[in-house]
Structures are given as structure tokens and as C-alpha cells.
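The structure appears below as C-alpha cells.
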Ligand SMILES: [Fe+2]
Ligand SMILES: [Fe+2]
């Protein structure tokens with residue numbers, strides 16, 4: 001089984017990234033994947049998400065999506081709230097666009113299950129040596145630097161409560177998989193392992209690392225025993241780590257765009273190509289690091 005994955009496309013408004021999105025779809029099609037994964041952060045706007053997923057859907061593949069934090073930012077104009085977007089709206093958009101929103105229900109192909117969650121953060125990735133008190137994480141701000149979810153998420157849960165909620169759903173999905181499932185691929189937006197986080201020894205960067213993921217999510221994956229691959233987004237720096245025999249990668253594109261609008265090399269770097277077989281996992285193509293380094297940023 002061949003899997004192609006990407007995340008964090010962050011499509012711009014007014015179709016400005018249509019060429020990029022079509023270039024991604026064409027490139028993915030070249031590899032004839034059985035499963036095409038998009039791990040969140042396509043757009044804050046539900047209609048741009050719909051339009052982009054329609055352009056991205058690969059006709060002969062199972063197209064799988066998990067929402068990212070940007071995708072669930074509330075929309076004042078349409079009245080869509082964060083929880084509503086995550087629990088129903090994005091699933092509907094995926095169905096309409098030829099994708100499966102796997103946080104709603106795992107996707108199964110043969111003896112492999114793809115289990116998905118947006119994942120969330122509980123500050124367990126924070127650097128405790130920084131001497132920044134808990135209150136700053138709860139308020140998502142430190143010395144005037146603000147984590148944008150503070151303004152854009154409107155559910156009543158604390159971050160710890162929401163992380164617990166999603167971890168509970170992940171446990172449920174794993175426990176209720178059919179008996180014939182031998183291998184599990186976990187797909188999320190936020191990170192399940194601290195080692196995927198890129199710390200820079202600088203602030204506010206390392207303060208924001210607290211909003212990358214949850215240690216508890218990774219514990220659930222390790223305990224299951226069938227999870228051999230974890231694919232995430234959110235961090236815009238691509239990493240690959242091995243954790244207890246499990247391979248975990250991040251596959252973001254990010255905020256950079258080539259000034260000449262020639263997308264070939266950016267797209268080639270952005271997609272990860274993986275093969276799953278009876279003997280396990282083989283990574284055919286994966287670029288590490290910040291693939292947008294040196295490119296003009298869109299935000
Ligand atoms: Fe992102
Ligand atoms: Fe994100």
C-alpha cells in the first residue's frame with residue numbers, strides 16, 4: 001500500500017493558491033497512491049477548505065483528512081463555531097469534496113486502519129526550564145506574544161479538557177477496531193510526540209512549543225502496539241523520529257511561496273511517500289527541515 005501525505009497548505013483567499021493546489025494534486029497522482037492524506041490547516045474559512053479539498057481529491061485514491069487548528073477557527077460572518085466545525089461541518093465538507101474526515105470514523109483498507117484526530121495541546125511540550133508560569137500558557141500569551149488560537153477558538157473547554165476529550169475518542173477508536181486489523185496508521189494535526197517539536201532556544205518560539213501537542217496522545221499510540229506510523233502537521237518544520245519502533249513524521253508545506261510561481265520543487269519537497277507492506281514500513285521519499293526557508297511568506 002502506497003501512502004502520500006502533506007499538511008499545512010494554508011491556502012490563500014481568492015484562488016491565489018489554486019495553481020499550487022493543482023500542482024500538489026498532479027504530483028500526488030504521479031505516484032498513484034492507495035491513500036492520500038492531508039493532515040490539516042488548509043483554511044480558516046470553510047468555503048475555502050471546501051474549494052481546496054475539491055481541487056486536491058485524487059480520483060483513484062482514498063482521500064483522508066484531519067482538521068487542523070486553523071480549520072476550526074470560528075467565523076463571525078457565517079456564525080460557525082469551532083466545536084461545530086470540528087464535530088460536523090468539516091465532515092460534511094469532506095464528504096462533499098471526495099474526502100473522508102477520519103476523526104469521525106477510522107478508515108480501513110485490508111488489515112490496515114487509519115485512525116485520525118485533530119489532536120490538541122495540554123502544555124506538556126512546554127520547556128519547564130523557561131520559568132514561565134502556568135497562567136501564561138492558560139492565557140496563551142507571554143510578554144505581548146499571543147498564540148492565535150486565543151482569539152479564534154470559541155468553545156468553552158480548557159485546552160486540557162479538550163485534549164482529554166480527543167484522547168478519549170482516540171482510545172475508543174483504537175479499542176473498537178475490527179479484530180482483523182494488524183497495522184494502524186495514526187493521522188493527526190497536532191503532535192503526539194515531544195521529539196517532533198523543534199525547539200530553538202529562543203523566545204517566544206519555545207513558549208509557543210507548548211501549543212504543539214500532548215505527551216498523553218503519544219502514550220496511547222505506544223500502548224496500542226499496532227501503530228507503526230504517525231503522520232502529523234502543525235509544526236512547520238518537518239521532522240522524523242523513531243519512538244518505540246513507531247515512525248513519526250510531520251509533513252507540512254507551510255507559509256512560503258516561490259516568487260516565480262513555479263511550484264515543482266516546493267511540491268516535491270512537501271509530499272511524503274510511504275509504503276506499507278507485510279514486512280512493515282518503507283519511506284520512499286521524505287524531506288526534513290523547513291522547506292519554506294528563504295521563500296517569501298504569505299502571512
Ligand atoms: Fe499550520
Ligand atoms: Fe496548525
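Bear in mind that the values in this text are calculations on the coordinates, not laboratory data. This structure is a prediction, so every number in the text was calculated from the model and none was measured. Here Cβ is always computed from backbone atoms with ideal geometry, including for glycine, and neighbour counts include all displayed protein chains.
What to note about this one:
- Listed residues 116, 91, 79, most fluctuating in the chain (Gaussian network, C-alpha, under 10 Å): 79
- Helical contribution to [θ] at 222 nm, DSSP H n ≥ 4, -39,500 (n - 2.57), averaged over the chain, rounded to 500: -7500 deg cm²/dmol
- Overall form of the range 109-256: prolate. Here a/c, set by the Cα gyration tensor axes a ≥ b ≥ c, is 1.5 or more, and a/b is the larger of a/b and b/c.
- Prolate/oblate/rounded call for the range 191-286, Cα gyration tensor, a/c under 1.5 rounded: oblate
- Its alpha carbons considered, the chain gives a radius of gyration followed by a Dmax of 17.9, 52 Å.
- Each 5 Å bin, from zero up to the one with the longest distance, holds this percent of the alpha carbon pairs of the range 81-166: 3, 11, 18, 19, 16, 13, 9, 7, 4, 1, 0.
- From the alpha carbon centroid of the range 213-280 to that of the range 33-63 is 16 Å.
- Multiplying the residue separation of residue 76 and residue 298 by 0.36 nm and removing their Cα-Cα distance gives an extension gain of 77.7 nm.
- In terms of surrounding Cβ atoms within a 10 Å radius of their Cβ, 217, 197, 158 rank from fewest to most as 158, 197, 217.
- The label point for residue 92 and the one for residue 268, both projected 7 Å from the Cα toward the Cβ, are 4.2 nm apart.
- Residue of 183, 160, 223 that the Gaussian network model of the chain assigns the largest fluctuation, springs spanning Cα pairs under 10 Å: 223
- Contour excess over end-to-end distance, with Cα ends at residue 222 and residue 105 and 0.36 nm allotted per residue: 40.1 nm
- Within the range 18-62, backbone nitrogen closer than 15 Å to the virtual label 7 Å beyond the Cα of residue 261 toward Cβ: 18-23
- Sorted by Cβ density within 10 Å, fewest first, the residues 175, 105: 175, 105
- Cβ crowding within 10 Å ranks 121, 186 as 121, 186, fewest other Cβ atoms first.
- Inter-label distance, residue 29 to residue 283: 2.9 nm, where each label sits 7 Å from its Cα along the C-beta direction.
- Candidates 132, 37, 72, ranked by Gaussian network fluctuation over the chain, Cα under 10 Å, top entry: 132
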